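Here is the structure we will look at, set down as structure tokens.
Rule-based calculations on the coordinates, nothing more; no lab input. Quick caveat, the model's predicted, so the values are computed rather than measured. Cβ coordinates were reconstructed from backbone atoms using ideal geometry, including for glycine residues, and neighbour counts include every protein chain displayed.
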Protein chains: 2
Amino acid sequence: MKLASLKTGGRDGTLIVVNRELTHWVEATEIAATLQQAIENWSNSAPRLNALSQQLNDDTSNARRLDFTALASPLPRAYEFLDGSAYLPHVERVRRARGSEVPASFYDDPLMYQATSAGFLGPRDAVPVVSEEYGIDFESEVVVVTDDVPMAVGAEAAADHIQLIGLVNDVSLRNLIPPELAKGFGFLQSKPRSALSPVLVTPDELGDAWRDNKVHLPLRSWLNGERFGAPEAGVDMQFDFARLVAHAARTRPLSAGTIIGSGTVANEDESLGASCLAERRMLEIIANGKPQTPFMSFGDTIRIEMLDTESRSIFGAIEQVIEAYGD
Amino acid sequence: MKLASLKTGGRDGTLIVVNRELTHWVEATEIAATLQQAIENWSNSAPRLNALSQQLNDDTSNARRLDFTALASPLPRAYEFLDGSAYLPHVERVRRARGSEVPASFYDDPLMYQATSAGFLGPRDAVPVVSEEYGIDFESEVVVVTDDVPMAVGAEAAADHIQLIGLVNDVSLRNLIPPELAKGFGFLQSKPRSALSPVLVTPDELGDAWRDNKVHLPLRSWLNGERFGAPEAGVDMQFDFARLVAHAARTRPLSAGTIIGSGTVANEDESLGASCLAERRMLEIIANGKPQTPFMSFGDTIRIEMLDTESRSIFGAIEQVIEAYGD
């Protein structure tokens with residue numbers, strides 16, 4: 001099934017079920033008022049939401065037409081967003097552009113940081129930024145959402161807690177990153193609010209494309225309407241989502257509705273393109289000694305989408321414009 | 001007024017008002033079911049909660065006796081916890097013990113990291129830890145809670161968004177910190193769930209002790225029943241809470257219920273003692289070349305409390321025992 005949230009209804013939106021084709025929806029508030037409530041009581045709500053989803057997929061005559069701009073983030077806010085960096089080609093290029101090596105430990109100990117989860121932009125909302133000098137970038141990633149995960153869970157058991165899958169535009173302010181990371185405490189100002197995809201889906205919606213706790217499909221990004229990259233999300237992912245969940249839960253339980261991100265999808269095969277400007281700029285630095293592609297300007301747009309093998313959109317497209325804040 | 005949450009009532013507890021002496025309480029659910037709900041609608045709920053608080057302070061005959069063990073964290077979970085490190089003597093000692101200097105920028109750019117907020121331990125709950133080898137430590141800090149804060153707010157305007165004040169035991173797993181920070185993405189496994197004080201209070205409860213957006217009282221810690229330290233929270237705090245809120249909000253709005261921490265309270269005057277074991281161990285390293293005081297073991301207890309000038313507890317005491325997880 002595919003779940004989303006309307007902007008109406010308060011800080012957590014209003015839970016709706018969307019049909020497979022992403023054309024129609026019905027309210028699910030008799031089952032749970034919000035997606036957060038549904039995931040907190042998943043064993044009870046999931047079968048009922050699934051029944052509603054099947055009805056909707058069979059017959060949309062009583063359903064409403066989907067307007068993507070009316071959607072909030074499926075989780076308008078969450079209690080925890082832990083973002084990994086599981087595609088090592090990305091990490092290798094970052095390091096190579098700096099002239100340094102990837103530590104051996106990075107191949108068996110996931111990189112992951114605590115990201116802001118207090119508010120997600122809607123999938124068609126503008127991204128407000130104070131200044132273009134911040135070095136505005138997108139990052140196209142896959143995310144999963146868990147139910148309650150016990151502390152110190154193993155990777156195998158962690159897999160059973162992955163209930164929903166989606167995409168994220170992990171907005172990054174590149175020029176704020178070096179001074180922030182130099183302080184040693186990780187990202188904060190350099191990682192403002194992100195946007196999730198219009199819908200989150202249960203793993204069964206992906207069919208064979210969900211296996212080994214990875215999504216085996218290309219993640220497509222378009223910058224200002226031009227194809228930017230479509231690297232394979234199932235390739236070069238050093239740590240699968242079960243492993244990432246277990247890493248996140250090593251010293252604490254994860255509460256229902258926790259979002260775990262894959263990090264920027266990146267492949268060793270450079271011909272498939274990248275999932276963020278920083279990556280393209282690093283390839284330019286490696287090739288030519290300096291970057292040619294600028295970061296984003298006010299008015300620039302980004303579109304992030306994943307299609308199934310028959311070219312149907314799975315999660316709907318994230319489509320955002322960069323907007324000057326405070327003008 | 002003083003606000004707390006009972007463990008009963010669901011994941012966000014049940015909102016209660018506690019009297020000034022911390023002996024009695026009344027339910028506040030007719031005003032807001034939970035503290036999270038109250039802070040989301042603060043301009044409406046605060047005056048009504050305040051009226052209830054005045055009634056309770058005048059007459060406890062219809063109130064219930066307070067049992068601290070029945071309390072959840074006042075915010076059992078929150079959408080954002082951003083923890084600063086505003087006491088530079090602490091940072092200076094960490095660096096000195098390592099033989100390095102504090103960068104000049106640290107004196108005008110706050111250190112702050114994104115901490116887990118998905119669940120707080122109750123003020124009398126045990127701290128579950130898998131292994132003593134993790135290097136278990138407490139950190140006694142002051143926190144503030146904001147209502148909705150606009151992005152890019154200045155420090156002066158930020159001050160008006162500080163609605164509640166409390167304490168936190170920011171549990172730290174010291175032996176996990178060096179490898180985690182070496183990866184460059186900040187704290188995650190090394191900073192598990194923390195515990196807030198039994199009650200959060202409005203700034204007026206502190207009287208003159210709340211000024212310049214700082215709390216001007218000693219923060220007292222006892223380890224296994226012995227006085228450990230009582231540094232002055234109003235002294236050597238390089239960045240006041242308004243400044244910390246503004247730092248947190250530079251590139252994103254803060255949503256209602258955001259918790260901002262001061263970092264370990266530490267003074268240049270070593271005679272007042274410390275607010276964490278790491279600090280004492282650093283002083284030992286600086287004095288003797290190696291630490292003598294061990295980190296915490298299973299069964300060890302920590303008590304954190306702040307008293308007013310007449311020795312009355314303001315926030316109630318955080319009292320926790322370290323417990324082996326999974327036994």
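Quick look at the numbers
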quantity: Amide H partners (placed H, <5 Å) of B:Gln163, local residues excluded; calculated: B:Val145, B:Thr146, B:Asp147
quantity: Those lysines that a straight Cα-Cα span of less than 21 Å connects to B:Lys2, excepting residues fewer than 8 apart in one chain; calculated: B:Lys214
quantity: Over chain B: helical MRE at 222 nm, DSSP H runs n ≥ 4 each giving -39500 (n - 2.57), nearest 500; calculated: -5500 deg cm²/dmol
quantity: Cα extents of the stretch B:237-280 along the three principal axes, largest first (Å); calculated: 39, 18, 14
quantity: Over the protein assembly as shown, volume per residue of the alpha carbon convex hull, in Å³; calculated: 156
quantity: Positive-end residue of A:His247, A:Ala233, A:Ala278, charge dipole of the stretch A:198-280 with Cβ unit charges; calculated: A:His247
quantity: Cα-based Rg / Dmax (Å) for the stretch B:42-116; calculated: 21.0, 60
quantity: Distances in nm from B:Gly10 to the matching label points in the other copies, shortest first (labels 7 Å along Cα to Cβ); calculated: 0.7
quantity: Qualifying chymotrypsin sites (Phe, Trp or Tyr not before Pro) in the stretch A:149-221, DSSP loop, other Cβ atoms within 10 Å at most 10; calculated: none
quantity: Distance in nm between pseudo-label sites at B:Ser43 and B:Ala157 (7 Å out along the Cβ direction from Cα); calculated: 1.4
quantity: For chain B, built as a Gaussian network whose Cα springs stay under 10 Å, the top-fluctuating residue of B:Ile16, B:Ile302, B:Ile177; calculated: B:Ile177
quantity: Pseudo-label separations to other copies for B:Glu27 - Cα-to-Cβ vector, 7 Å, nm; calculated: 2.8
quantity: Dipole magnitude of the stretch B:192-242 about its Cα centre (Cβ charges: Lys, Arg +1; Asp, Glu -1), debye to nearest 20; calculated: 260
quantity: Cα-Cα pairs of the stretch A:155-280 separated by more than 17 Å (percent); calculated: 65
quantity: Of A:Leu181, A:Gly135, A:Pro150, farthest towards positive along the dipole that unit charges on Lys, Arg, Asp, Glu beta carbons give the stretch A:132-191; calculated: A:Leu181
quantity: Shielding by other protein chains, B:80-89, mean Cβ within 10 Å; calculated: 2
quantity: Cα Rg, Dmax (largest Cα-Cα span) when computed across the stretch B:73-117, Å; calculated: 13.9, 40
quantity: Model label zone, A:Glu310; criterion: amide N under 19 Å from point 7 Å along Cα-to-beta-carbon; scope the stretch A:180-218; calculated: A:201-210, A:216-218
quantity: Alpha-carbon centroid distance for the pair the stretch B:209-271 / the stretch A:3-24, whole angstrom; calculated: 41
quantity: Under 5 Å, built H, 5+ apart or other chain: amide partners of A:Gly119; calculated: A:Ala78
quantity: Chain B, closest residue to the rotation axis toward A, by beta-carbon, whole angstrom; calculated: B:Gly186, 1
quantity: Cα point-scatterer Debye curve for chain A, base-10 log of I(q)/I(0) at q = 0.12 Å⁻¹; calculated: -0.79
quantity: Anisotropy class of the stretch B:283-327 from Cα gyration tensor, a/c 1.5 cut; calculated: oblate
quantity: Other protein chain Cβ atoms within 10 Å, averaged over every residue that makes up A:247-259; calculated: 5
quantity: Only Lys, Arg (+1) and Asp, Glu (-1) charged, at Cβ; chain A dipole about Cα centre in debye; calculated: 600
quantity: Largest-first principal axis extents, alpha carbons of the stretch A:87-219, Å; calculated: 42, 40, 31
quantity: Nearby lysines by direct alpha-carbon distance to A:Lys7 (threshold 24 angstrom, same-chain neighbours under 8 apart not counted); calculated: A:Lys191
quantity: Electrostatic dipole magnitude of the protein assembly as shown [Cβ: Lys, Arg +1; Asp, Glu -1; Cα centre; debye, to 20]; calculated: 240
quantity: Label point 7 Å beyond Cα along the C-beta direction, distances from B:Asp59 to other copies (nm, shortest first); calculated: 6.1
